[in-house]
1. Are any residues in the range 79-102 surrounded by fewer than 21 Cβ atoms within 10 Å (Cβ to Cβ), among the aliphatic types (A, V, I, L, M), modelled with pLDDT of 90 or more and assigned to a helix (DSSP H, G or I), and if so, which ones?
2. Across the range 59-96, which residue is nearest to PRO116 (Cα to Cα) among those that are in contact (Cβ under 8 Å) with a residue 40 or more places away in the chain and of a type in the set (S, T, N, Q)?
3. Any residue at all in the range 39-56 that is surrounded by 13 or more Cβ atoms within 10 Å (Cβ to Cβ), assigned to a helix (DSSP H, G or I) and on the phi < 0 side of the Ramachandran plot?
4. Hey, does the range 103-125 have a residue that's assigned to a helix (DSSP H, G or I) and modelled with pLDDT of 85 or more?
Amino acid sequence: MNILFLDDSVYRYDTFMKYTEGHRVCWAKTASEALDLLEEMNFDQIWLDHDLSEEHYSGVVDENTGRRVVQYIIAATERFSNAAIILHSLNPVGAETMYIDLMASALLGRNIYLLPFAWQNASFIHTLCGDT
């Protein structure tokens with residue numbers, strides 16, 4: 001399984017990697033890196049953080065937030081129609097804004113999850129990623 005993991009936290013990346021062994025995980029620390037990877041590859045799952053710096057944003061489409069990546073995904077909806085999108089941001093306003101954007105798009109009814117990273121555990125990650 002190909003997984004894109006967008007997050008600037010080394011801790012969250014290291015934690016995620018413990019439960020995704022055997023899968024191809026591409027780690028992007030910035031929105032630009034994520035967009036480059038989305039151009040180059042197809043992903044089965046796309047995990048998105050919202051705040052990708054020390055700043056905490058709300059609903060704006062800043063150059064370096066997960067919402068910028070969501071806008072890209074929405075613009076190319078057909079290309080991402082089979083990917084599960086997991087919004088794991090700890091910023092409740094940013095995560096909800098990304099979720100609302102996705103649900104209002106043609107991705108409505110697809111595999112979109114709003115789950116802050118702190119609530120995730122090994123069993124959820126294993127369930128979503130499946131056994132290797």
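1. ILE100
2. Ranking the qualifying residues of the range 59-96, first place goes to SER89.
3. Looking through the range 39-56, none of the residues is surrounded by 13 or more Cβ atoms within 10 Å (Cβ to Cβ), assigned to a helix (DSSP H, G or I) and on the phi < 0 side of the Ramachandran plot.
4. Keep residues of the range 103-125 that are assigned to a helix (DSSP H, G or I), which gives 103-104, 117-119, 122-125.
If we keep only those that are modelled with pLDDT of 85 or more as well, we get 103-104.
So far as the range 103-125 goes, yes, one or more of its residues are assigned to a helix (DSSP H, G or I) and modelled with pLDDT of 85 or more.
Condition check ((1) aliphatic (A, V, I, L, M); (2) touching a residue at least 24 places away in the same chain (Cβ under 8 Å); (3) under 19 Å from SER89 (Cα atoms)) across all residues:
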residue: MET1; (1), (2), (3): yes, yes, no
residue: SER9; (1), (2), (3): no, yes, yes
residue: TYR13; (1), (2), (3): no, no, yes
residue: MET17; (1), (2), (3): yes, no, yes
residue: GLY22; (1), (2), (3): no, yes, no
residue: CYS26; (1), (2), (3): no, yes, yes
residue: THR30; (1), (2), (3): no, yes, yes
residue: GLU39; (1), (2), (3): no, no, no
residue: ASN42; (1), (2), (3): no, yes, no
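The values are calculated or read from the model by the stated rules, or taken from the named source; none is laboratory data. Because the structure is predicted, anything quoted here is derived from the model rather than measured. Note that each Cβ is placed from the backbone with ideal geometry, even for glycine, and that neighbours are counted across all protein chains shown.
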